[in-house]
Amino acid sequence: MTAAKERGAPAANALWGGRFAGGNAEIMERINASIDFDKRLYAEDIAGSQAHCAMLVRQKIISAEDGERIAAGLAQVLQEIESGGFTFKRALEDIHMNVEARLGEIIGPAAGRLHTARSRNDQVALDLRLWLRNAIDRILRQMQGLQAALIGQAERHAATVMPGFTHLQIAQPVTFGHHLMAYVEMLGRDRGRMADCRRRLNECPLGAAALAGTSFPIDREATAKALGFDRPMANSMDAVADRDYALEFMAAAAICGVHLSRLAEEIVLWCSDGFRFIRLTDAFTTGSSIMPQKRNPDAAELIRAKTGRLAGTLIGLLTAMKGLPLAYGKDMQEDKEPSFEAADTLELCLAAMTGMVLDLDADVAAMRAAAERGYSTATDLADWLVRVLGLPFRTAHHVTGTLVKTAEAKGVPLSRLLLAEMQAVEPRITAGVYDVLDPERSVASRTSFGGTAPANVAAAAKAARERFL
Ligand code: ARG
């Protein structure tokens, strides 16, 4: 009797325990097992096994009869998992061994031939690539959906005047449509980053085996093609050792998260009493349990906060990967949870943001009134002094500053200063100046490429439909 058995330890692992006398300590099983989270890879794992099995048959590495048994057995495992009839076992560590063990129960010893010319190292790299590829495809569609929602609102509000801010101080009038279109552009780049990530990750690690490749006459081109990859990965060690595809995904997700959190923050501000620029319906607000008047933009606040998670997944995996010697190390098992978390969080945030953008109702009058405050047309006044009176811009800036001070002392917007009051500061000012003091005229004049003029915004929205939808 072995010492382990004398201590009453569990039996050795059925799949890799050949050289082991006893089983794992309970705590070892707990730290080692990934099945609690990597069961989400079941469909990808089985798809990879089906492709591998078909290739093994074609290459005459296993017999056609065994191949058929394995394929049918895998189909049954898939069906059992999807119908909820499958029992995942921690003692079997991960999704790969849970599937293989069940396959063995269903078809008997032929199941043992599936793992020929393969390792869990290339298997897991494959599964996560497939899973992330699907996640990216869902996310790309969602990003497009959010762009569509933003473009729709931008078209509705191409001429809706609101204050534009720098330092969160009223700066110059802009249109609400122009402001929303800024996020359409950001999301366009977010889509580009995700699409780039997809392009680079779309190489197949299967067949790298443990790290060195295999002596069996496998056909890596065939499995790569069957699984929708562009090509097999060129280096077997790289194939099992890197997780840059997951890092890129998390980086792209985190950057998109930052964009969403900025829009979320603006929604919070715009709903607040200081602004009242927009209103969200009951569908996207919550009440307070003590203050009956409240209508809180919780979804926006949560999107703002969840960006922290997205950044956290990236920092976590970067830290886990740094300094790892080639090739595979168990450290890399830590790639799954942050990958799932990044995808889940981003998908949730994109869906909630799209809902809010469709839901929001702009208070056009409140925006217009705010644009009148804060001397938002001061730059237009300075530009007028340059254009019409020929003042150097610095002088015009100074004159305008004096006029703003005068208006401030009177408590009126620039447009309500009397001509005589303006002429006291700069005698050559004429009544024509009133043309530029009005926010509508101000935005209409901003016709430079990429500017906020309503005509530009309408054209930009139209162009964005072509580019993005
Ligand atoms: N569960 C493992 C992971 O997620 C699978 C690969 C394990 N390979 C090994 N040789 N232990 O990384």
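Which of the residues spanning region 267-307 are among the acidic types (Asp, Glu) and either in contact (Cβ under 8 Å) with a residue 40 or more places away in the chain or farther than 30 Å from Pro338 by Cα (or both)?
Result: Asp273, Asp282.
Can you list residue pairs whose Cβ atoms sit under 7 Å apart, with the first residue in region 314-343 being without any contact (Cβ under 8 Å) to a residue 12 or more places away in the chain and under 17 Å from Ser34 (Cα atoms) and the second being within 13 Å of the ligand (Cβ to nearest atom) and of a type outside the set (S, T, N, Q)? Count only pairs 6 or more apart in sequence or on different chains.
Asp331/Ala320; Asp331/Leu324
Kindly indicate which of Val357, Val412, Val404 is farther than 30 Å from Gln147 by Cβ and part of a helix (DSSP H, G or I). Full working, then the answer.
On the way: Val357 fails: farther than 30 Å from Gln147 by Cβ; Val412 fails: part of a helix (DSSP H, G or I).
Within the list Val357, Val412, Val404, the selection yields Val404.
Please determine, by comparing only the residues of region 114-145 that are within 16 Å of the ligand (Cβ to nearest atom) and among the basic types (Lys, Arg), which one is surrounded by the fewest Cβ atoms within 10 Å (Cβ to Cβ).
Here the residue is Arg120.
Go through region 146-170 and report how many residues are assigned to a helix (DSSP H, G or I) and either surrounded by 17 or more Cβ atoms within 10 Å (Cβ to Cβ) or touching a Phe, Trp or Tyr at 6+ places or on another chain (Cβ under 8 Å) (or both). Outline the logic, then answer.
Start the filter on region 146-170 by keeping residues that are assigned to a helix (DSSP H, G or I), which leaves 146-156.
Filter once more, keeping what is either surrounded by 17 or more Cβ atoms within 10 Å (Cβ to Cβ) or touching a Phe, Trp or Tyr at 6+ places or on another chain (Cβ under 8 Å) (or both): 146-151, 153-155.
The qualifying residues number 9.
Of the conditions (1) away from the ligand (no atom under 16 Å from the Cβ); (2) touching a residue at least 24 places away in the same chain (Cβ under 8 Å); (3) of a type outside the set (Ser, Thr, Tyr), Glu68 clears all except one; give me its number.
Here Glu68 clears every test but (2).
Among the residues of region 36-49, is any loosely packed, with under 15 Cβ neighbours inside 10 Å and part of a helix (DSSP H, G or I)?
If we filter region 36-49 for residues that are loosely packed, with under 15 Cβ neighbours inside 10 Å, which is where we start, we get 36.
Next cut, part of a helix (DSSP H, G or I) only: 36.
Yes - at least one qualifying residue is present in region 36-49.
Identify the residue in region 409-431 that is under 11 Å from Tyr375 (Cβ atoms) and in contact (Cβ under 8 Å) with a residue 24 or more places away in the chain and, among all such residues, is surrounded by the most Cβ atoms within 10 Å (Cβ to Cβ).
Leu414
For residues in region 415-440 being in a helix (DSSP H, G or I), hydrophobic (A, V, I, L, M, F, W, C) and within 26 Å of Phe176 (Cα to Cα), which is farthest from the chain's Cα centre (by Cα)? Working first, answer last.
Of the residues in region 415-440, the ones in a helix (DSSP H, G or I) are 415-416, 419-425, 431-436, 439-440.
Of the ones still in play, those that are also hydrophobic (A, V, I, L, M, F, W, C) are 419-420, 422, 424-425, 431, 433, 436.
Subset that is within 26 Å of Phe176 (Cα to Cα): 433, 436.
Numbers: Val433: 47, Val436: 42 Å.
Only one residue fits best here, namely Val433.
Being within 21 Å of Ala366 (Cβ to Cβ) and in a helix (DSSP H, G or I): is that true of Glu105 here? Don't jump to the end; show me each part of the working.
Details: within 21 Å of Ala366 (Cβ to Cβ): no; in a helix (DSSP H, G or I): yes.
Here the answer is no, as Glu105 does not meet what is asked.
Among the residues in region 438-456, are any more than 30 Å from Leu187 (Cβ to Cβ) and surrounded by 12 or more Cβ atoms within 10 Å (Cβ to Cβ)? Please lay out each step first, then the result.
Within region 438-456, the subset more than 30 Å from Leu187 (Cβ to Cβ) is 438, 441.
Remaining after also requiring surrounded by 12 or more Cβ atoms within 10 Å (Cβ to Cβ): 438, 441.
Yes - at least one qualifying residue is present in region 438-456.
For region 333-346, enumerate the residues that are within 16 Å of the ligand (Cβ to nearest atom) and among the hydrophobic types (A, V, I, L, M, F, W, C). Can you show your working first?
Of the residues in region 333-346, the ones within 16 Å of the ligand (Cβ to nearest atom) are 333-341.
Correct list: Phe340 only.
Pairs needed: first member in region 442-468, closer than 14 Å to His179 by Cβ and modelled with pLDDT of 95 or more; second member anywhere, among the polar types (S, T, N, Q) and loosely packed, with under 13 Cβ neighbours inside 10 Å; C-beta distance under 9 Å; at least 6 residues apart or different chains.
Between residues of region 442-468 that are closer than 14 Å to His179 by Cβ and modelled with pLDDT of 95 or more and residues that are among the polar types (S, T, N, Q) and loosely packed, with under 13 Cβ neighbours inside 10 Å, the close pairs are Ala453/Thr447; Asn456/Thr447; Asn456/Ser448.
Has region 347-368 got at least one residue that is within 16 Å of the ligand (Cβ to nearest atom) and touching a residue at least 60 places away in the same chain (Cβ under 8 Å)? Don't jump to the end; show me each part of the working.
Of region 347-368, the ones within 16 Å of the ligand (Cβ to nearest atom) are none.
No, region 347-368 has no match at all.
Tell me, which residue of region 346-388 that is under 15 Å from Asp438 (Cα atoms) and β-branched (Val, Ile, Thr) is surrounded by the most Cβ atoms within 10 Å (Cβ to Cβ)? It would help to see each step written out before you state the result.
Of region 346-388, the ones under 15 Å from Asp438 (Cα atoms) are 365, 367-384.
Filter once more, keeping what is β-branched (Val, Ile, Thr): 377, 379.
Working: Thr377: 25, Thr379: 17.
Only one residue tops the list, namely Thr377.
With respect to Gly84, determine if the residue is in contact with a helix residue (DSSP H, G or I) (Cβ under 8 Å, 6 or more places away or on another chain) and either crowded, with 16+ Cβ neighbours inside 10 Å or free of Cβ contacts under 8 Å to residues at least 24 places away in the same chain (or both). First the steps, then the outcome.
On the way: in contact with a helix residue (DSSP H, G or I) (Cβ under 8 Å, 6 or more places away or on another chain): no; either crowded, with 16+ Cβ neighbours inside 10 Å or free of Cβ contacts under 8 Å to residues at least 24 places away in the same chain (or both): yes.
When the stated conditions are applied, Gly84 does not pass them.
Name the single residue that is nearest to Glu337 (Cα to Cα) among those in region 87-113 being aliphatic (A, V, I, L, M) and within 16 Å of the ligand (Cβ to nearest atom).
Filtering region 87-113 for residues aliphatic (A, V, I, L, M) gives 91-92, 95, 97, 99, 101, 103, 106-107, 110-111.
Retained after the next criterion (residues that are within 16 Å of the ligand (Cβ to nearest atom)): 91-92, 95, 97, 99, 101.
On the way: Ala91: 19, Leu92: 19, Ile95: 14, Met97: 19, Val99: 20, Ala101: 23 Å.
Within region 87-113, the match that is nearest to Glu337 (Cα to Cα) is Ile95.
Inside region 310-332, can you point out the residues that are within 13 Å of the ligand (Cβ to nearest atom) and surrounded by fewer than 17 Cβ atoms within 10 Å (Cβ to Cβ)?
Within region 310-332, the subset within 13 Å of the ligand (Cβ to nearest atom) is 317, 320-321, 324, 327-332.
Within region 310-332, Leu324, Gly329, Lys330, Asp331 qualify.
The values are calculated or read from the model by the stated rules, or taken from the named source; none is laboratory data. Worth saying up front: this structure is predicted, and the values here are computed from it rather than measured. For neighbour counting, all protein chains shown are included, and Cβ atoms are generated from backbone atoms with ideal geometry for every residue, glycine included.
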